[in-house]
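Data block below; observations after.
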Amino acid sequence: MKSPIVAFLGHVDAGKTSIMDAIRDTYFAYRESGGLTQNIGITEVPTERIQELCKDLLVKFNVKILSPSIIFIDSPGHEAFTTLRKRGASIADLVVLVIDSTVGIQQQTVESIEILKSYKTPFLIAFTKIDRLSGFIHKENISFLDFLSTQNESFKSSLDEAIYSLSSDLLNYGFSSERFDRVRDFTKEVAIIPVSSVNRIGINDLIVMIIGLSQKYLSLEDSEESGRAALMEIKEVKGVGKIYDAIVYSGVLKVGDKVVIMTQDGAGTTKVKGIMKLMPLEESRENFGKYEYVESVKATSPIRLILQSSDAVIGTTASVYRSEEEKEKIMKEIEEYIPEESNENRKGVIVCADSVGSLDAIRKIAQDKNMEIGFTKIGSPVKRVIMIAKTNQQPVLCFNVSVDQEVEELAKENGVQIISKRSIYELFDAYDEFRNRKEQEKSEMIKASLTLPVKFRVLSDSIFRRSDPFIAGVEILAGELRPNYYIIDENAKRIGKVLGIQSEKKALASIRTGEKAAVSIEGAVFGRNMRANQILYSDMSNEDMIKFIDISSTLPEDYQEAFQEIRKIKGF
């Protein structure tokens, strides 16, 4: 049986790396910049360490470890998950969604949930930092259930409240959840495991849950496929050169193997020059991990892969081939799956991302939002991308890539908006703001060119002039009144034209619902076609009414109210 691949997802400071520190008995979280993870990290936790940590619980729950280890992936955000890619799906067998018990669901938690829904990957929740909940009585190195039996009602109440709040929020995303020891059916409910990494509370419960769920519900049988490795990051290692942090997820990979890779120019081939296997309980981040050179490695194994050429795209797979026929088959798979990046005329938003996996995640979330993705590129935007965006009148979304100053200047010169973020959630949020702003600007332009709907009343105690022109105080009941609007009564009869609007001797460009002002109307004569308390409307043409329908969703409801009355009066 292969080792399950378990990826951590969650908000940037929810405690992902701290859980791994507790498992490895290390302190990487505190060595990172500001305590935040900067790169993807891989750790293989062997059965021996699992037995050491969880011996009593394994016996208690009658769980037998069948796999040789667990491969854990930790990263700044979603990157480890989306780069573990196999034909559009993640090769992660299970995900631990890490949520801070003192905060609950945060921005990147939402992003993680959306990605999990898109990839349909099973997951459980590590509910961290429970030592910060009210009423906590200090304990260390203990399973959650044993720990809970030592706590008073104050803490139990705080914890239950936090779990129920989380469960309620998760329902909004379509997930039913419960504390792990209360779950009746793990295929229908997401298990929540409360933990405190600094005190090593619940860490063994979490590991036993991972082992139990992965062995019972997931397929971990050895594959008959040729060796395949997911390429996660590329690094420059002193004395070695460029290497790929990778995971062999099927078959066997050997030094000298010929492999098909995905490059910026399409499918290509290269050769395996060297393989460095990550030692158990070591961490793959630069300057941390220890490796040993090996001639071959089988699934599932974290490695550093040295290829003859270093132009493989991150988030793709290096696939071994033994014959020309097999090579052609793999290359066809790649070409069929990788979208037509060269299609510059495809409608939709332009996207530049750090990896194919990131593009996958962006496409999946965009699909859920009914948002069209057009031309895409792996890597930073170049001048050509800006000109494509200009031609298609689209913004350029940049995820986790740098933007050259020269490219930024070209974008400004050509009126192209570049939206650059390090979080997919923030990227879509920024795009929504941009789109709303554009729609508002478009709405304002259309508003300026048409007669808007308005319903207003002539105030009986404010008749200042009876004719030539008629001047009186009015109150806007719904919509918006502007100078030069023609006015009709409730029978669709035209009364006259608004010459001006004044309040406190100042001319106004418009007045809206609830506002009062003095209005002069050419053609209106008091006692003939005008009376006190009369209800009047703007005389909208059929063309204006059609245009208004197009922008009505961007305007307040009272505009719709006035419009519907005018429509009825004019029989439109």
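Regarding Ala492, is this residue surrounded by 13 or more Cβ atoms within 10 Å (Cβ to Cβ), more than 27 Å from Glu441 (Cβ to Cβ) and out of contact with any strand residue (DSSP E or B) (no Cβ under 8 Å at 6 or more places or on another chain)? Show your work before the answer.
Numbers: surrounded by 13 or more Cβ atoms within 10 Å (Cβ to Cβ): yes; more than 27 Å from Glu441 (Cβ to Cβ): yes; out of contact with any strand residue (DSSP E or B) (no Cβ under 8 Å at 6 or more places or on another chain): yes.
The answer is yes for Ala492.
Could you grab me the full set of residues in the stretch 255-268 that are in contact (Cβ under 8 Å) with a residue 60 or more places away in the chain and in a strand (DSSP E or B)?
Selection gives Lys258, Val259, Val260, Met262, Gly266, Ala267.
Condition test on Glu178, is it surrounded by 13 or more Cβ atoms within 10 Å (Cβ to Cβ), not assigned by TED's automatic domain parsing to the domain that holds Lys369 and not basic (Lys, Arg)? Full working, then the answer.
Numbers: surrounded by 13 or more Cβ atoms within 10 Å (Cβ to Cβ): yes; not assigned by TED's automatic domain parsing to the domain that holds Lys369: yes; not basic (Lys, Arg): yes.
Taking the combined requirement at face value, the residue satisfies it.
Which of the residues belonging to the stretch 509-554 are under 20 Å from Lys568 (Cα atoms), within 46 Å of the chain's Cα centre (by Cα) and of a type in the set (A, V, I, L, M)?
Of everything in the stretch 509-554, those that are under 20 Å from Lys568 (Cα atoms), within 46 Å of the chain's Cα centre (by Cα) and of a type in the set (A, V, I, L, M) turn out to be Met540, Met545, Ile546, Ile549, Ile551.
How about the stretch 406-422: which of its residues are assigned to a helix (DSSP H, G or I) and over 26 Å from the mean Cα position of the chain (by Cα)? Let's see the steps before the verdict.
Restricting attention to the stretch 406-422, the residues satisfying the condition of being assigned to a helix (DSSP H, G or I) are 406-413.
Within the stretch 406-422, Glu406, Glu409, Leu410, Lys412, Glu413 qualify.
Could you please let me know if Ile275 is in contact (Cβ under 8 Å) with a residue 40 or more places away in the chain, in a strand (DSSP E or B) and either of a type in the set (A, V, I, L, M) or buried (at least 19 other Cβ atoms within 10 Å of the Cβ) (or both)?
no
Among the residues in the stretch 223-239, are any at pLDDT below 85, within 30 Å of Met20 (Cα to Cα), assigned to a loop (DSSP other than H, G, I, E, B) and not assigned by TED's automatic domain parsing to the domain that holds Leu305?
Yes, the stretch 223-239 contains at least one residue that is at pLDDT below 85, within 30 Å of Met20 (Cα to Cα), assigned to a loop (DSSP other than H, G, I, E, B) and not assigned by TED's automatic domain parsing to the domain that holds Leu305.
When the stretch 174-222 is examined, which residues are found to be over 22 Å from Ile65 (Cα atoms) and part of a helix (DSSP H, G or I)?
Arg182
Quick check on Ile73: is it in contact with a Pro (Cβ under 9 Å, 6 or more places away or on another chain), assigned to a strand (DSSP E or B) and either buried (at least 24 other Cβ atoms within 10 Å of the Cβ) or modelled with pLDDT of 60 or more (or both)?
Against the criterion (in contact with a Pro (Cβ under 9 Å, 6 or more places away or on another chain), assigned to a strand (DSSP E or B) and either buried (at least 24 other Cβ atoms within 10 Å of the Cβ) or modelled with pLDDT of 60 or more (or both)), Ile73 qualifies.
Is it true that Lys129 is of a type in the set (Lys, Arg), surrounded by 16 or more Cβ atoms within 10 Å (Cβ to Cβ) and in contact with a helix residue (DSSP H, G or I) (Cβ under 8 Å, 6 or more places away or on another chain)?
Details: of a type in the set (Lys, Arg): yes; surrounded by 16 or more Cβ atoms within 10 Å (Cβ to Cβ): yes; in contact with a helix residue (DSSP H, G or I) (Cβ under 8 Å, 6 or more places away or on another chain): no.
Considered against the rule, which asks whether it is of a type in the set (Lys, Arg), surrounded by 16 or more Cβ atoms within 10 Å (Cβ to Cβ) and in contact with a helix residue (DSSP H, G or I) (Cβ under 8 Å, 6 or more places away or on another chain), Lys129 comes out as no.
With the checklist (1) assigned by TED's automatic domain parsing to the domain that holds Gly266; (2) within 19 Å of Cys398 (Cβ to Cβ) in hand, flag the one item Ser309 doesn't pass.
If we test Ser309 against (1) assigned by TED's automatic domain parsing to the domain that holds Gly266; (2) within 19 Å of Cys398 (Cβ to Cβ), just (2) comes out false.
Those residues that are assigned to a loop (DSSP other than H, G, I, E, B), β-branched (Val, Ile, Thr) and within 23 Å of Val6 (Cα to Cα), I need them from the stretch 116-173; list them, please.
Thr121
Hey, can you tell me all the residues within the stretch 430-444 that are touching a residue at least 40 places away in the same chain (Cβ under 8 Å) and under 15 Å from Cys398 (Cβ atoms)?
The one that is touching a residue at least 40 places away in the same chain (Cβ under 8 Å) and under 15 Å from Cys398 (Cβ atoms): Tyr431.
Go through the stretch 363-377 and report how many residues are at pLDDT below 85 and either more than 23 Å from Leu231 (Cβ to Cβ) or among the aliphatic types (A, V, I, L, M) (or both).
So the answer is 4.
Among Leu116, Leu124, Leu145, which is under 19 Å from Asp181 (Cβ atoms) and crowded, with 19+ Cβ neighbours inside 10 Å?
Leu124 is the lone residue from the list that is under 19 Å from Asp181 (Cβ atoms) and crowded, with 19+ Cβ neighbours inside 10 Å.
State whether the residues of the stretch 93-100 include one that is touching a residue at least 40 places away in the same chain (Cβ under 8 Å), more than 19 Å from Ile73 (Cα to Cα) and outside any helix (DSSP H, G or I).
No, the conditions are met nowhere in the stretch 93-100.
Between Ala318, Ala312, which is part of a strand (DSSP E or B) and within 33 Å of the chain's Cα centre (by Cα)?
Details: Ala312 fails: part of a strand (DSSP E or B).
Only one candidate passes the filter, namely Ala318.
Restricting to the stretch 186-202, name every residue that is of a type in the set (D, E, K, R) and touching a residue at least 60 places away in the same chain (Cβ under 8 Å).
Within the stretch 186-202, Arg200 is the sole residue that qualifies.
What tally of residues in the stretch 481-503 results from selecting those that are in contact with a helix residue (DSSP H, G or I) (Cβ under 7 Å, 6 or more places away or on another chain) and charged (D, E, K, R)?
Counting residues in the stretch 481-503 that are in contact with a helix residue (DSSP H, G or I) (Cβ under 7 Å, 6 or more places away or on another chain) and charged (D, E, K, R) gives 1.
Scan the stretch 448-473 for residues that are touching a Ser or Thr at 6+ places or on another chain (Cβ under 8 Å) and under 15 Å from Ala532 (Cα atoms) and jot them down. Steps first, please.
At the first step, the residues of the stretch 448-473 found to be touching a Ser or Thr at 6+ places or on another chain (Cβ under 8 Å) are 451-454, 465, 469-473.
Matches in the stretch 448-473: Arg465, Phe470, Ile471, Ala472, Gly473.
Given the residues Ile243, Ile210, Ile247, Ile261, which is the only one that is at pLDDT 90 or above and within 30 Å of Phe136 (Cβ to Cβ)?
Ile210
Checking Pro4 against (1) more than 19 Å from the chain's Cα centre (by Cα); (2) crowded, with 19+ Cβ neighbours inside 10 Å; (3) at pLDDT below 85, which test does it fail?
(3)
Out of Ile476, Ile471, Ile549, Ile566, I need the residue that is in contact with a Phe, Trp or Tyr (Cβ under 7 Å, 6 or more places away or on another chain), under 29 Å from Asn436 (Cβ atoms) and without any contact (Cβ under 8 Å) to a residue 60 or more places away in the chain. Which one?
Ile476
The values are calculated or read from the model by the stated rules, or taken from the named source; none is laboratory data. Nothing here was measured: the structure is a model prediction, and the numbers come from that model. A quick note on method: Cβ atoms are made from the backbone with ideal geometry, for glycine too, and the neighbour counts reach across all protein chains shown.
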